[in-house]
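Right, one structure below, let's go through it.
Every read-out reported here was derived from the displayed coordinates using simple, explicitly stated rules and does not represent laboratory data. These figures come from a predicted structure and were not determined experimentally. In this analysis, Cβ positions are derived from the backbone assuming ideal geometry, glycine residues included, and neighbour counts consider all displayed protein chains.
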Amino acid sequence: MSFIDELRRRNVFRVGAAYLVAAWLLLQLTDIVVPILQLPDSVSRSILFLLLIGFVIALILAWAYELTAEGIKREADVDREDSVTRITGRKLDFTIIALMATAIVYLVVDNYVLDDRPIEVADDQRSIAVLPFVPLSNDDSDSFFGKGIAEELLNALAQFPGLRVAARTSAFSFEGKDIDLREIGETLGVAHVLEGSVRRSGERLRVTAQLIRTADGFHLWSDSYERELTDIFAIQDEIVSELSRVLQFRLGVGVGAGRASGKTTTPQAYDAYLKGLDLWLDRSGLDNRTDAVATFLRVTELDPNFADGWAAYAASLVLSGRLAWPHLTIETYPVAIEAAFARALAIDPENVRALAGLAYWHTTVSVDLGKAQAALDRAMARAPNNSFVQYMAAHFARTVGDSAAMARAMKRSLADDPLNIVKQYVDLDMAASRGENDPFHPARRRIQDAIDICHPEKTCTEGDFYQTYNLVWMAIQAGSKSDIATAQSYWDKAFAGRAPTASISEDDYRCDQELHRLLLETAGEAPSEATQCLLNFEAVKNMELGSLHYVSYLALMGHQHIALEALFLPGLLLHGLKNGADFYALSDSRWQMPESIRRHPRYHEWWARPGMAELAAARRANGKPFGLPLPIERGGDQ
């Protein structure tokens, strides 16, 4: 008898087949039970390892022993005529058939029944917030490292179809605060929280992550990862892959998702990138914004092939005013932005931050509505639940005059980022431009709180007064009956003790103060005459006027010549329609661009620049002709 025949006689093949099918079914059961019982994924790996060892043992036992009527005996001790291996073989055949039938039923149900049946989960349960990962080592730099990891994870989760993800600004506002998860869930409107910790020791990195249900603190999943520091992206991918599996089972979302990124970079560049994100998150002060831009630029130098570095650099530039990028000039600024966006998308054509930022660039400055819409559509397709993408969509809709789309996009952006103060102010501003004046808007309550806390007679810092002035000014634009004199007092206090910058003389600096004072008065019931310094065009030029609404204000104050000249100042051409106040010059309000300017050839020339004619046509098509050029009156004073 051959060796193969002997293996068949001793039922070794049958034992192996039965074992494999049973082991496969056990692994499927483990895959279901482990997340339910909150067991670490190491349990699944341990079971697989034990099953592999057991398979070898089972084959050895099948060869060496035989099951007889008198019990288990060594095969060598069983007389061939007394052997019952044939009977045992038939029993094993029935066992294999039963196991195979069970496996087939499982596969049919899993692939053709369960996958096509929607999981009955309320929409508000399909939501998650990613909190900053807590640093456990003594290195202070690990603080932004933990926040950076969380940022990467929430960006990946935002690509899960059907999953609502709280934005970074709101989720990270709970950093370092001892707040119950239920309160976090209620505040952010999320049903789940992903939190964790990070510890770096030399070149080793250990990351722990856990998914928790906010309603009762129930741990749905947790695991730990230890790798070389250079494997940070692999760790992120593993976490997202595991979350995809858990969330698909729990909430019916995450199908097809499972990668945080397809990128690599150096540890030095990634450290700098995470630090830049941390600075950008807290950009309430100019220094942080400037430092963030400089840090992102440093990232591109450390690793010219890191797409996220280029995307962050380009987006931070396009969203910042001149003081935040001292390394550039007005002439080199557009070149740097377009080169950075192009580099990011050449490396990663689906980079969400780059696509959304590029849409904003082609909406506001380098106006090309076709390119803006195309970039926005790609960003939406990639990450429809990304708060930043929705925010950029709101700006696009506002620019083309689509008020309904603007309101929808801002609502979606704020739903995932309810604690973002800047977005609250922008939402209030956008609502005012639609003619809405909600006295209970969260931003309006913040404005009043700021006025109450930092009244001019109280001791407040220069920054406090400056910020409060801005809030009062926004309230005025939004239709508030705030006291104009109070706003002027804030403005005076804000400038107290401040020195002129190197590029602006003391006279021009004082003139800048007077201009803002007059803008406040123009917002009131009785506009006053401009001071003598404003009649000097050089003063206006040195201030590098950067917003269309300034042109409207100057014209409304009776200084049409200065207004027309200001239209073509480099600062105004550079900023395009980035300032929300510009749309008051393009709205049916007291600040609308006056007819005398709208009929002037110079104003037509301003709107004849690339992309502007299409923009004007879009605004007219959406019922927003206000402030746009009117037919030139021939024969009059031009």
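Could you work out how much longer the chain between residue 63 and residue 48 gets when fully extended? Use 0.36 nm per residue separation minus the Cα distance between them, nm to one decimal.
Length gained, residue 63 through residue 48: 3.1 nm.
Taking the Cα of residue 408, stepping 7 Å toward and past its beta carbon, and measuring to each backbone N in the stretch 577-611: which are under 11 Å?
What the label zone holds, given the 11 Å backbone N cut-off, is no residue at all.
Normalised by the residues of the stretch 123-251, what does the relative contact order come to in percent, with Cα pairs under 8 Å and at least six apart?
26
Testing the spin-label approximation: label points 7 Å from Cα along Cα→Cβ at residue 331 and residue 377. State their distance in nm.
3.8
With the crude spin-label approximation of a point 7 Å out along Cα→Cβ, what separation in nm comes out for residue 5 versus residue 440?
9.1
Would you tally the net charge around residue 204, using a Cβ to Cβ cut-off of less than 9 Å, leaving residue 204 out, and scoring K and R as +1, D and E as -1?
With Lys, Arg at +1 and Asp, Glu at -1, the net is +1.
Could the peptides 212-225, 406-419, 50-63 be put in order, highest first, of the mean number of other beta-carbon atoms found within 10 Å of their residues? Present the calculation step by step, with values, prior to reporting the outcome.
Working: 212-225: 16.3, 406-419: 20.4, 50-63: 13.8.
Per-residue mean Cβ counts within 10 Å order the peptides as 406-419, 212-225, 50-63.
At a Förster distance of 56 Å, what's the computed FRET efficiency of residue 588 paired with residue 305, Cβ-Cβ distance as r, to 0.05?
After rounding, the FRET efficiency stands at 0.65.
So what's the net charge close to residue 417: Lys and Arg +1, Asp and Glu -1, counting the other residues with Cβ under 14 Å from its Cβ? Show your work: numbers first, answer last.
Working: positive: 164, 168, 411, 412, 423; negative: 151, 416, 427.
Overall, the nearby charge balance is +2.
Pull out the extension gain between residue 104 and residue 602, defined as 0.36 nm times the separation in residues minus the alpha carbon to alpha carbon distance; nm, one decimal. List each step's numbers first, then the result.
On the way: separation 498, 0.36 × 498 = 179.28 nm, distance 7.69 nm.
Stretched fully, the residue 104-residue 602 segment lengthens by 171.6 nm.
For residue 266 and residue 32 in one chain, what is 0.36 nm times their gap in residues minus the Cα-Cα distance, to one decimal in nm?
Roughly 80.5 nm would be gained on extension.
Determine, from the Cβ-Cβ distance of residue 227 and residue 180 and an R0 of 35 Å, the FRET efficiency 1/(1 + (r/R0)^6), rounded to the nearest 0.05.
Values: r = 32 Å, r/R0 = 0.92.
So, using R0 = 35 Å, E works out to roughly 0.60.
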